[in-house]
1. Given the options 255, 221, 28, identify the residue whose Cα lies farthest towards the positive end of the charge dipole of the chain (+1 on Cβ of Lys, Arg; -1 on Cβ of Asp, Glu).
2. Note down the Stokes-Einstein diffusion coefficient of segment 168-266 in µm²/s, whole number, using a Kirkwood radius over alpha carbon pairs, 10 °C, and 1.306 mPa s.
3. Between residue 122 and residue 181, what is 0.36 nm times their sequence separation minus the Cα-Cα distance? Round to one decimal in nm.
4. Taking the Cα centre of the chain as origin, work out the dipole magnitude from +1 charges on Lys and Arg Cβ and -1 charges on Asp and Glu Cβ, in debye rounded to 20.
5. Can you list the HN-Hα couplings for segment 263-278, worked out from phi with the Karplus curve (6.51, -1.76, 1.60; θ = phi - 60°), rounded to whole Hz and with x for Gly and Pro?
6. With point charges of +1 on the Cβ of Lys and Arg and -1 on the Cβ of Asp and Glu, referenced to the Cα centre of the chain, which listed residue (76, 312, 332) lies farthest in the positive direction of the dipole?
7. How much length, in nm to one decimal, is gained on full extension between residue 191 and residue 233, taken as 0.36 nm per residue of separation minus their Cα-Cα distance?
8. Working from Cα positions, state the angle (0 to 90°, nearest 10) between the long axis of helix 287-301 and the longest principal axis of the chain.
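No value in this document is a laboratory result; all are computed from the given coordinates. The structure displayed is predicted, hence computed values, not measured ones. Here the Cβ positions follow ideal geometry from the backbone for every residue, glycine too, while neighbour counts run over all protein chains shown.
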Amino acid sequence: MVQSLDYADAALVRSVAIDAIATTKEVTAVTDRSHITAGPVASSVLDCIGNTPLVELRHVVPPDCGRIFVKFEAANPTGSMKDRMALAMITAAELDGRLPAGGTVVEYTGGSTGVSLAQVCAAKGHPLRIVTSDAYSVEKRRHMESLGAELTLVESNGGATDAALTHAMIDAAAEIAAETNGYWTDQLRNVDQLNGYRVMGDEIWAQTDGEVDAFVQSVGTAGSIMGISGALRAHASAVRVVAVEPEESAVLSGGSSGSHYIEGVGAGFVVPLWDGALVNDIVTVSSSDAMAMSRRVAKEEAVFAGTSTGANVLAAIETARQLGPGSTVVTVACDSGTKYLSTRLFQNEEQ
Ligand SMILES: Cc1ncc(COP(=O)(O)O)c(C=O)c1O
């Protein structure tokens with residue numbers, strides 16, 4: 001068995017080596033076993049959250065720009081950075097008694113937070129009631145249900161995200177929380193989530209050896225941009241922080257609220273956790289441009305992610321062009337593209 005594996009490896013090395021595209025590093029990556037150790041065995045899937053890789057984008061970045069790295073959050077167990085905040089919110093509420101053992105958790109969500117909460121609640125034994133909408137991908141809804149969440153659907157205006165939908169979902173969640181005497185995580189106002197993202201900021205700092213000139217992130221609840229940039233700025237106050245929002249609903253930039261198709265971001269109003277004083281720049285990206293870049297990032301970088309990642313990469317390119325060659329810009333590949341297989345992002349690539 002061992003020998004046949006070695007033969008297979010030798011054949012693989014040959015086929016990779018004759019391929020002029022392969023680098024020595026890539027050949028080593030498929031054959032080297034020196035990194036294999038009897039690593040830790042997790043006592044819970046929750047121990048697998050965080051410590052995600054930082055991946056350099058090498059093909060979609062124009063030559064007149066600085067380097068761009070994405071924090072590859074699909075490597076979290078549910079394929080989203082939201083695992084970090086769900087764990088932070090539930091743990092904090094358990095610790096100070098807001099959430100008793102076996103207590104019900106309630107939340108409104110576009111889906112990613114709900115999936116991450118469903119994972120944490122399943123692991124910790126909390127029933128979960130989720131308010132969501134047909135505006136968000138069916139994969140996320142099925143994923144939440146598969147992890148044991150009970151869903152309540154609020155109908156959207158033709159599948160688009162807008163302020164009216166966000167408010168209707170918030171109202172439904174508040175009602176269910178009152179009915180069930182449950183703990184409403186209330187992600188738009190929940191400051192516990194910042195702790196999950198501060199850790200992510202420290203990871204970025206360590207992974208870049210402290211060489212971060214700018215950090216770019218799209219805004220939903222604003223939890224991730226505030227938490228990550230807070231941690232980076234604690235290391236170096238000069239780190240430039242760039243927010244990203246949908247062009248069709250550029251409320252943080254002072255525009256009016258509208259419908260868009262960048263799932264998870266652009267709530268349609270100025271969210272409570274947003275602190276504009278901590279942000280140097282706001283870049284707006286249209287839904288169609290964000291989708292086009294997500295598709296390019298999938299095909300050209302093999303980084304498979306959602307629409308907000310496309311928006312992030314476009315804004316990161318703009319920032320890296322302003323800062324010029326020699327600079328380092330970090331952004332987030334927020335989640336896995338598998339969450340969007342049934343949506344217009346990967347179903348109809350012409351839109
Ligand atoms: C796919 C995706 N990207 C980006 C964000 C924005 O993150 P935050 O809520 O931390 O602002 C979210 C939030 O739901 C999201 O689901």
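1. 28
2. On the way: Rh = 15.3 Å.
Translational D for this selection: 104 µm²/s.
3. Here the segment from residue 122 to residue 181 would lengthen by 19.3 nm.
4. 400 debye
5. 4, x, 10, x, 5, x, 8, 6, 6, x, 7, 5, 10, x, 5, 8
6. The residue sitting farthest along the positive end of the dipole is 76.
7. Details: separation 42, 0.36 × 42 = 15.12 nm, distance 1.80 nm.
Using 0.36 nm per residue and subtracting the Cα-Cα distance, I get 13.3 nm.
8. 30 degrees
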